[in-house]
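S.K.: Structure in structure tokens, see below.
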Amino acid sequence: MTLDQLKEGKKAVVTVVGGQGLTRKRLLEMGLTPKTHVTMVKRAPLGDPLEIELRGYHLTLRLADAARITVEAEQ
């Protein structure tokens, strides 16, 4: 599944960071690297953007960027 499909309060592990060029580089620089644990905190009322927690901080992402990140849900 992709990060934009993760439900609020659920946790996952990043497996693949997609995209190309500067977009992918920016996502990696923000800490979204493979094997990183993330938690979906909340979504904006209209669904975009969304807020996740990773590495001890909160990050807000656009839905289009979150759709480029493949995650595996934690049990």
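The values are calculated or read from the model by the stated rules, or taken from the named source; none is laboratory data. Owing to the predicted nature of the structure, the values given are computational and were not obtained by experimental measurement. Cβ atoms come from the backbone with ideal geometry, glycine included; neighbour counts cover every protein chain shown. The protein model used for the area step is the full one, side chains on, heavy atoms only, and it has no ligands, DNA or RNA in it. Shrake-Rupley method; radii C 1.70, N 1.55, O 1.52, S 1.80 Å.
S.K.: Considering only region 13-34, state which residues are assigned to a helix (DSSP H, G or I) and of a type outside the set (D, E, K, R). Reasoning before the result, please.
M.R.: First pass over region 13-34, keeping only residues assigned to a helix (DSSP H, G or I): 21-29.
Hits for region 13-34 are Gly21, Leu22, Thr23, Leu27, Leu28.
S.K.: I'm checking my understanding of the structure. Among residues of region 35-53 that are assigned to a strand (DSSP E or B) and free of Cβ contacts under 8 Å to residues at least 24 places away in the same chain, which one is most open to solvent (accessible area, probe 1.4 Å)?
M.R.: To start, the set of residues in region 35-53 that are assigned to a strand (DSSP E or B) comprises 37-43, 50-53.
Checking which are free of Cβ contacts under 8 Å to residues at least 24 places away in the same chain leaves us with 51, 53.
On the way: Glu51: 37, Glu53: 74 Å².
Ranking the candidates gives Glu53 first.
S.K.: Please go through (1) at pLDDT 95 or above; (2) in contact with a helix residue (DSSP H, G or I) (Cβ under 9 Å, 6 or more places away or on another chain); (3) surrounded by fewer than 16 Cβ atoms within 10 Å (Cβ to Cβ) for Thr15 and return the number of the only condition it doesn't satisfy.
M.R.: (2)
S.K.: In addition: Please work out which one of (1) out of contact with any helix residue (DSSP H, G or I) (no Cβ under 9 Å at 6 or more places or on another chain); (2) more than 15 Å from Glu72 (Cβ to Cβ); (3) outside any loop (DSSP other than H, G, I, E, B) is the condition Glu8 fails and give its number.
M.R.: Of the numbered conditions (1) out of contact with any helix residue (DSSP H, G or I) (no Cβ under 9 Å at 6 or more places or on another chain); (2) more than 15 Å from Glu72 (Cβ to Cβ); (3) outside any loop (DSSP other than H, G, I, E, B), the odd one out for Glu8 is (3).
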